[in-house]
Structures are given as structure tokens and as C-alpha cells.
Amino acid sequence: MSGSDAEVKKAAELKLWLESRITELQEEIERLKEALNYVDTTLRAETFRSASELVSEAGEIAERRELRKDKGGQSIAIASITSAKLVVEPASGVTLRVDVPPFKSFLLGKILQGMKAKDEELVAKGKLADGQQLRFNFEERNGSVSRVVVENYREKSRLNEILNTFSWTFSRMLEK
């Protein structure tokens, strides 16, 4: 076999391999599209938003965590988390009245307002840039919590404290 014949044979084998690989990848793309469609359908059914809508302004995909009643009980809220923002919304079928303690007094008043005040002290001392302090607000619909937004939580430990406080507070609210 001459050098030219060997190269032709090698090119033919490479062509067969490439065609085979392209077919495999096209099949994998189709399966991935089906999986993506399933995930988007599931997200829409649970949150009325597609995965692309859960992407933050910074282009991050929000991590979603399920908050449960008293560690392992029923799902009571869904938390969407990015590096700068936390959005907590009651789970489907869960009604949390704004006027039921300890929502305003503890969660908003003591915990979140306390963190905000500490951050404002840091800003006043020049240890934290203005605009980086914790901010929060809540939205209600017909007297019930529809969502709570917390921005600039900054630290993972603080995020975990906030999430644990939401779980505890919402659990207590459901008992009343």
C-alpha cells in the first residue's frame, strides 16, 4: 500500500467516524431538548416562570431551594437565590397571612431590620460601600405574603441564617 493509499484509507475511516459521531451528537441534542422542555414545563407548572425567566439581571441562574416546615415536613416556600438576591415565595397552596406573628415582628422587624441596621453602621464607618447594605421588601396579595425579596445578603452564613429564619417563621405562622 502506498503512502497515498494509506492516507485515503485513514481519511475514509475518519470520515466514517465523524459521520457516526455527528449522528450520536444529533441524537443527544434531541434528548437534551426533550429534557429541557420537560424541565421548563415542570418549572412553569410550579412557578409560572421558565428557567430563562429565573435568570437574574446579572445573568446568573437562580439556585432554587425548597424551604420545609420544621426540617423535613411539608414544603412551605421556594427560595430563588443568586449571589446578590434572595426571593422567597410561599409554595403552591400555602397561605401565609401578613398579620400573623412572627412575620412582621420577628422576621422583618428583628432579623432583617437588624441586619440592615448593622450594615448601615458599617456604611457610616466606611467599612461597607454605600448601596451594599442589606435591603428587603415584601409583597402581599389579599393580606397574604406573595414574596419577600432580600438583596445584598453578601455572606453565605448570613444567607443560611436568613433561610433558616424564613423556615422557622413560616412554620410558626402555619401553626396559628
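Strictly greater than 20 Å: what percent of every Cα pair in the chain meets that?
Within the chain, distances greater than 20 Å cover 64 percent of Cα pairs.
Would you calculate the separation in nanometres between label points at residue 36 and residue 147, each defined as 7 Å from the Cα along the Cα-to-beta-carbon direction?
That separation, rounded to one decimal, is 2.4 nm.
Among 140, 66, 27, whose mean-square fluctuation peaks in a Gaussian network model of the chain (Cα, cutoff 10 Å)?
Looking only at 140, 66, 27, the largest GNM fluctuation is found for 27.
Counting Lys and Arg as +1 and Asp and Glu as -1, what is the net charge of the other residues whose Cβ lies under 14 Å from the Cβ of residue 28?
So the surrounding residues net to -1.
Going by average Cβ neighbours within 10 Å, how do the peptides 98-105, 155-162 rank, with the highest at the top?
98-105, 155-162
Along the positive direction of the dipole of the chain (beta-carbon charges: Lys, Arg +1; Asp, Glu -1; about the Cα centre), which of 77, 171, 92 reaches farthest?
Of the options given, the answer is 171.
Go through 69/116; 69/127; 125/176; 85/127 and tell me which ones have a Cα-Cα distance over 31 Å in this structure.
Violating the 31 Å Cα-Cα cut-off are 69/127; 125/176.
Every read-out reported here was derived from the displayed coordinates using simple, explicitly stated rules and does not represent laboratory data. As the structure is a prediction and not an experimental result, all values here were calculated from the model. FYI the Cβ positions are ideal-geometry reconstructions off the backbone, even for glycines, and counts take in every protein chain you see.
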